[in-house]
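Q: I'd like to ask some things about the structure below.
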Amino acid sequence: MIGARAHIAALSPYALADAPGAGVVSLAQNESAFAPSPAALAAGRAAVTDGALYPDPDWGELRAAISAVHGVAQDAVLCGAGSMELIGALIRAYAGPGDVIVSSQYGYAFVTTAAGQTGAQCLHAPEPALHVDTRAMAAAVTPATRIVFVCNPGNPTGTLIPVADILRLRADLPSGVMLVVDQAYGEFAESSDDPSPVFDLVARGDTVVLRTLSKAYGLAGARVGWGLFPPGIAAEVRKLLNPNNVSGVSQAMAAAALRDQDYMRDVVARTARIRDRFCADMRALGLEVPVSHTNFALLRFGTPERAQAADNALRAGGILMRGMAGYGLADSLRATVAEAPVMARATQILTEHLT
Ligand SMILES: *Cc1c(COP(=O)(O)O)cnc(C)c1O
């Protein structure tokens, strides 16, 4: 018997959404409803010709594009094969057996998995009424806490933490505790709050901000995430990233997508219009739906049985949403916002099912 280390053997595999069968539309993974920018597709096709070569290990063109869009220093940016790679490397660098990561009740599930991979424990501060309570997160910190992870806007809640609360959370944390702000859906929330004060926290030396190309930019398949890191943390995390971690095609697509801000803004606006219509329709059916600042909606059916029955009806109609039992929300389904006709079909199925 070849035994894995005890904490790995005890770990459950990270639970992804069910694979959609033939003819089924997946609304289960928060992928973009829209194709990537045509400029990104062209850049990717051109980059294929360099397939014999290792990609730029320093993500030069990509970091230049991030720097131009966000007004951040290029050398403060690290890029990952998705922001999941950066989350994993951060936790491996700063936590291990006996250490605690603090997240929130409905915080991103991958943080719990990544903590478990190192033997660290993940604690979840209560999230009353599906809104992150930053005071409760600060109160959950003990001398064993290494990192506090906050996702804003939240997944799977879709709710937004005011920037002032993030700033106060940082002020309330001991300086020896790292704060990581995961802004995977940040582009969908920028009209409601100015994110730059959160980027400015990085200069303190104890805070990291994460972004991804997987959602608003429609590049989930390219696996590109990035973060803004203080120099000391960047140096340690970089040791844990595989060299040449982001393929050349992916770097080229991501850089071109970032340079096409008009396209991304248009996708975000179109997604928000479809989302708001869908959420209004769902509330009219009697479902509780928190106001979403993302590309998905959380549908609360009241009981696990009703959520399961709705999931069955949707699957029978060719639509796959994401069950939320893993987050302790077995009464809920999470629906990624797709093109308007798909959402209209989902509305029709649920209307027939519930009325
Ligand atoms: C989708 C998502 C990510 C992004 O993951 P990638 O690895 O960049 O695709 C990160 N955090 C949250 C909360 C997400 O929902």
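Q: How big is the equivalent ellipsoid of region 136-207 along its three axes, where each semi-axis is √(5λ) from the Cα gyration tensor, reported in whole Å from largest to smallest?
A: 21, 14, 10
Q: While we're on this one: According to a simple spin-label model (label point 7 Å from Cα along Cα-to-Cβ), what is the distance in nm between D75 and A52?
A: Between A52 and D75, the simple spin-label model gives 3.4 nm.
Q: Report the full-extension gain for the segment Q261 to A316: residue separation times 0.36 nm, less the Cα-Cα distance, to one decimal in nm.
A: Working it through step by step, the gained length comes to 16.0 nm.
Q: Taking the radius of gyration and the Kirkwood hydrodynamic radius from Cα positions alone, what is the Rg/Rh ratio for region 234-324, to two decimal places?
A: Ratio of gyration radius to Kirkwood radius for region 234-324: 1.15.
Q: Turning to a different aspect of this structure: P(r) for region 113-152, please, calculated from all Cα pair distances in 10 Å bins and given in %.
A: 26, 52, 21, 0
Q: Grab the Cα-Cα distance for A17 and H353, subtract it from 0.36 nm times how many residues apart they are, and report the gain in nm with one decimal.
A: Contour length minus Cα-Cα distance gives 118.7 nm.
Q: For region 106-120, what does the Karplus curve 6.51 cos²θ - 1.76 cosθ + 1.60, with θ = phi - 60°, yield as ³J(HN,Hα) per residue in whole Hz, taken in order and with x for Gly and Pro?
A: Values per residue, Gly and Pro as x: 10, x, 4, 4, 5, 4, 5, 5, 5, 5, x, 4, 9, x, 7 Hz.
Q: By average Cβ neighbour count within 10 Å, what is the ranking of 13-24, 342-353, 245-256 from highest down?
A: Highest mean packing first, the order is 245-256, 342-353, 13-24.
Q: May I pose another question? If you project the alpha carbons of the chain onto the principal axes, what extent comes out on each, in Å, largest first?
A: That works out to 58, 53, 50 Å along the principal axes.
Q: Follow-up question, since we're still on this one. In whole Å, what is the distance between the alpha-carbon centres of region 57-90 and region 324-355?
A: Computed from Cα coordinates, the inter-centre distance equals 34 Å.
Q: Per residue, how large is the accessible surface of region 22-66? Use a 1.4 angstrom probe and give square angstrom.
A: Spelled out: the 1.4 Å probe surface of region 22-66, per residue, equals 53 Å².
Q: Same structure, new question: If you find the alpha carbon centre of region 1-23 and of region 202-240, how far apart are they in angstrom?
A: 25
Q: Another question about this same structure. So for the pair A280, T303, with labels modelled 7 Å out along Cα→Cβ, what separation do we get in nm?
A: My value for the distance between the label points is 3.2 nm.
Q: Under a crude label model (7 Å from the Cα following the beta-carbon direction), how far is A64 from R5 in nanometres?
A: The answer from the label model is 4.0 nm.
The values are calculated or read from the model by the stated rules, or taken from the named source; none is laboratory data. Fair warning: this is a prediction, and the values are worked out from it, not measured in the lab. We place every Cβ from the backbone using ideal geometry, glycine too, and count neighbours over all the protein chains shown. Keep in mind that these areas ignore ligands, DNA and RNA; they rest on the heavy atoms of the full protein, side chains included. Shrake-Rupley method; radii C 1.70, N 1.55, O 1.52, S 1.80 Å.
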